[in-house]
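Any read-out appearing in this document is the output of simple, stated calculations on the displayed coordinates, not a laboratory observation. It should be emphasised that the depicted structure is a prediction, and the values quoted were computed from it without experimental measurement. Cβ: placed from backbone, ideal geometry, glycine included. Neighbour counts: every protein chain shown.
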Amino acid sequence: MSRVVTRGQIRSAWMIAIFADLLQLAVFPAVIAGAASPVDAGIDVLVGALLIWRVGWHWAFLPTFVAELLPGFDLVPTWTMAVWVATRSMRRPAEPQLPPEVP
């Protein structure tokens, strides 16, 4: 069963992933001491759920979630890379142009 994903859904998945990666970079100094780790994990759970809701399940989301739990991986834009992997085959090629009719 194939799910139809619109360009708007793909665009919103990109925005969610980029925002999450930027947010995690911004709060990294607070997370490095371990004080905000539950907050960081909560962000990852929320982002994973939102991405699955927007573009459907893709295998790239699972290793990304696991990688986000490792210390220091918040410095790598893993959610953005996962969305790229998940949506790269969803882009539809342009419709073929028919040659003009000759009178």
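Of all residues in segment 48-68, exactly one satisfies the criterion of being over 21 Å from Arg88 (Cα atoms) and either exposed (fewer than 12 other Cβ atoms within 10 Å of the Cβ) or of a type in the set (Val, Ile, Thr) (or both), namely Val66. Considering segment 48-91, and only residues there that are assigned to a helix (DSSP H, G or I) and of a type in the set (S, T, N, Q), the residue that is nearest to Gln9 (Cα to Cα) turns out to be Thr87.
Only residues that are farther than 18 Å from Gln9 by Cα, surrounded by fewer than 16 Cβ atoms within 10 Å (Cβ to Cβ) and not β-branched (Val, Ile, Thr): list them for segment 35-47, please. Of everything in segment 35-47, those that are farther than 18 Å from Gln9 by Cα, surrounded by fewer than 16 Cβ atoms within 10 Å (Cβ to Cβ) and not β-branched (Val, Ile, Thr) turn out to be Ala35, Ser37, Pro38, Ala41, Gly42.
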